[in-house]
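Written out below as structure tokens is the structure these notes cover.
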Amino acid sequence: MTPTLETTDLKVQLRLANDWFTVCDLSALLPGRGVAALLPDRRQVAVFADRTGRLYAIDNRDPFTGAAVLSRGLTGTDRGRPFVASPLLKQRFDLESGQCLDDEAVRVTAYEVKAA
């Protein structure tokens with residue numbers, strides 16, 4: 001028997017400028033694991049869902065290395081703040097604001113995200 005992902009009609013959408021852009025099916029997101037998606041301007045975004053179903057989206061590019069890897073990072077919380085740790089140098093990025101928790105001078109873009 002081959003396992004299959006449960007599919008729904010819900011899509012994950014990001015607010016870009018004044019419009020919503022669909023990045024993937026909601027069923028593609030597993031709690032604690034990221035998904036990378038390509039935006040119309042060729043940038044990549046990392047999309048996450050936590051165990052409560054809350055959605056987050058930040059730039060996928062790690063500003064410390066330039067590699068598009070944040071979607072492959074480990075997720076966790078620090079004092080109630082959800083974050084993803086880069087799989088390369090382990091800097092942590094707040095999933096709500098994009099702020100680097102290990103270097104105040106660095107941040108990535110955080111996107112407004114919804115399931116619709």
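Just to check your reading of the model, which residue among 14, 26, 30, 55 is over 15 Å from residue 116 (Cα atoms) and among the hydrophobic types (A, V, I, L, M, F, W, C)?
Details: 14 fails: over 15 Å from residue 116 (Cα atoms); 26 fails: over 15 Å from residue 116 (Cα atoms); 55 fails: over 15 Å from residue 116 (Cα atoms).
Being over 15 Å from residue 116 (Cα atoms) and among the hydrophobic types (A, V, I, L, M, F, W, C) holds for just one of 14, 26, 30, 55, which is 30.
All but one of (1) in contact with a strand residue (DSSP E or B) (Cβ under 8 Å, 6 or more places away or on another chain); (2) surrounded by fewer than 18 Cβ atoms within 10 Å (Cβ to Cβ) hold for residue 88; state the number of the condition that does not hold.
Exception for residue 88: condition (1).
Can you tell me which of (1) at pLDDT 95 or above; (2) in a loop (DSSP other than H, G, I, E, B) is the one residue 7 doesn't meet?
(1)
The values are calculated or read from the model by the stated rules, or taken from the named source; none is laboratory data. Computed from a predicted model, the values in this text were never measured in an experiment. Glycine also receives a Cβ, built like all others from the backbone with ideal geometry; neighbour counts cover every protein chain displayed.
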